[in-house]
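Only one structure is covered here, and it is reproduced in the block below.
We did not get these values from a lab; they are worked out from the coordinates using the rules stated. Because the structure is predicted, anything quoted here is derived from the model rather than measured. Quick reminder, even Gly has a Cβ in these numbers, built from the backbone with ideal geometry, and neighbours come from all protein chains shown.
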């Protein structure tokens, strides 16, 4: 049952379709760790205070953290982080 947190820069607030992003991400995570999509849960957090690159307003970032139960082998964890 992966718990996923997606942080995104404030510059993406209007451009990022969070629902579509989560629905596209779930099958990728589920396949990688051999689990069911039904167990995936994703939360989104807008990051208002971030300094990106040279500070120009067009820069954006997305950071994804996936928490999984113990017992996954190192190769699976490596694939998930790639």
Seminar exercise, completed: Packing-ranked peptide list from 48-58, 62-72, highest mean Cβ count within 10 angstrom first, is 62-72, 48-58
Exercise. Can you give the relative contact order of segment 3-81 as a percent, counting alpha carbon pairs under 8 Å and 6+ residues apart?
Worked result: 52
